[in-house]
1. Work the Kirkwood hydrodynamic radius out for region 21-249: mean of 1/r over every pair of different alpha-carbon atoms, inverted, in Å.
2. What number, in percent, do you get for the relative contact order of the chain if the mean sequence gap of Cα pairs under 8 Å and at least 6 apart is divided by its residue count?
3. What is the Cα coordinate range of region 279-378 on the first, second and third principal axes, sorted by size from largest, in whole angstrom?
4. If I take the Cα coordinates of the chain and project them onto the principal axes, what are the three extents in Å, biggest first?
5. Before I look further, what does the chain give for accessible area per residue, probe 1.4 Å, in whole square angstrom?
6. Looking at region 332-402, which chymotrypsin sites (Phe, Trp or Tyr not before Pro) are in a loop (DSSP not H, G, I, E or B) and have at most 16 other Cβ atoms within 10 Å?
7. Using a Gaussian network for the chain with springs between C-alpha atoms less than 10 Å apart, which of these wobbles most: Lys218, Lys180, Lys63?
8. First compute the accessible area of region 319-417 with a 1.4 Å probe, then give the percent of it belonging to carbon and sulfur atoms.
Amino acid sequence: MIKILKEDLKKIIDYSINSVLPENAVKENLKKIEFKKNKVFLISIGKAAWRMANAAKEELKDKIQKGIVITKYDYGLGNIKNMEIYEAGHPIPDKNSLKATKRAIELIKNLDDDYEILFLVSGGGSALFELPENGVTLDDIQNITSQLLKSGADIEEINAIRKRLSKVKGGKFAKLSYPKQIYALVLSDVLGDKLDSIASGPAYTDKTTTNDVFNIIKKYDIKINTEIKKVLEKERPKNISNTKHIIIGSVKLACEYAMQKAKELGYNPLLLTTMLNCEAKEAGRFFANIAKEEIKSNNPIKKPCAIIAGGETVVMVKGNGIGGRNQELAYSFAIEIEGIENIVFASVGTDGTDGPTDAAGGIVDGDTIKKIKNKGLDPLIFLENNDTYNALEESESLLKTGPTGTNVNDIMILLIN
Ligand SMILES: Nc1ncnc2c1ncn2[C@@H]1O[C@H](COP(=O)(O)OP(=O)(O)OP(=O)(O)O)[C@@H](O)[C@H]1O
Ligand SMILES: O=C(O)[C@H](O)CO
Ligand SMILES: [Mg+2]
């Protein structure tokens, strides 16, 4: 029984991820853009950058005369005609992020008046598209980003800070490109699809205030020096007039496709939320509470059922193990449902990389914790040490997809028979 549940769960995940791959989304939405000039410069940033750029090139062909792609290491899939392809550091920017970004700006500065800009944006863009603001060094950015990523701050909070430390975020890229028109196609990995947060909104007006920024610094006890403090006080550009944005994919869509596939496989689907953003291990426990209620009283939906959620949880990393938010969520679920039969649960990053690991997430059931105990290991220590990658590896519960080419947050699916 578990075997079938697991197979079904994997089918649902595959279907959902395949349905939000960027190619179709880019091609369909390009039809909505009315370019006014005959030449297009393409700039594509983020984890999905290569595939989005390739799809745009297939669709617009030689109308795209030049372009640059900036993606994460190993996410570039070869040459694309007329394009420069760069790979750089993620989730913390490195010198290749800066080199590629500098090059992008240089290319844009040299474009003649016949060009408009097609800007393809996907999650991960914040780390990959980066040029430090005057008075800020790459070291500063690396240090502050790394503090923020471990602090439990959510992506909107993290990006509020990133925007101020950068010359290209928070609408500054649009200002740099002015008066060229920018058409942005955005694959959203931010809950609620907030355009000023996705990849730190390079071409979108920053909605955060200086007050917000210092509240975040205080709330998460981020250590900054006086030079950085001065930079953080500077306002972002307002009145950006040369950009148009279209959202072309999101976690909501991924959840809807998961529901569709679950139904097709005979499960009653229920969508809990597309905005899950609490602490990962709390979310795991909450899902376990729901699973127990379901098993006991067929509530909130009749079995067999698929209970689905989308979102992006946070982890306050305190230990020195390896893992990611999906692995931690799935593992904490497993701890709560040890020994219970006929349930399978997965939490997965649609981009295929959960945290700094080669896994997309975890897929767990009532036997997961037993397997760990049978090896004489203590299941709780892994969680305490944020070492859920190793815990899931020991229990054959890692979910690996490899880089998927898309990036629309995380999905959680609970199947109960
Ligand atoms: N050992 C660990 N256990 C659990 N979570 C971890 C661990 N180490 C890092 N993380 C979490 O992994 C997150 C970064 O992973 P990941 O690359 O999947 O982020 P992402 O949100 O997909 O990136 P982006 O938003 O730039 O696309 C960090 O926010 C951090 O909280
Ligand atoms: O790059 C980023 O800032 C995150 O992935 C959110 O878009
Ligand atoms: Mg990820």
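1. Numbers: mean 1/r = 0.0575 Å⁻¹.
17.4 Å is the Kirkwood radius here.
2. The value is 17 percent.
3. 40, 34, 21
4. 66, 48, 34
5. Values: 17130 Å² over 417 residues.
Averaged over the residues of the chain, the accessible area is 41 Å².
6. On the way: sites: Phe333, Phe345, Phe382, Tyr389; in loops: none.
Here no chymotrypsin sites (Phe, Trp or Tyr not before Pro) fit, given the DSSP loop and packing criteria.
7. Top of the fluctuation ranking is Lys218.
8. On the way: 1460 of 3190 Å².
Roughly 46 percent, rounded to a whole number.
The values are calculated or read from the model by the stated rules, or taken from the named source; none is laboratory data. Bear in mind that the values here come from a model prediction, so they are computed numbers and not experimental data. All Cβ positions, glycine included, derive from the backbone under ideal geometry; neighbour counts span all protein chains shown. We work out accessible area using only protein heavy atoms, side chains counted, and drop any ligands, DNA or RNA first. Shrake-Rupley method; radii C 1.70, N 1.55, O 1.52, S 1.80 Å.
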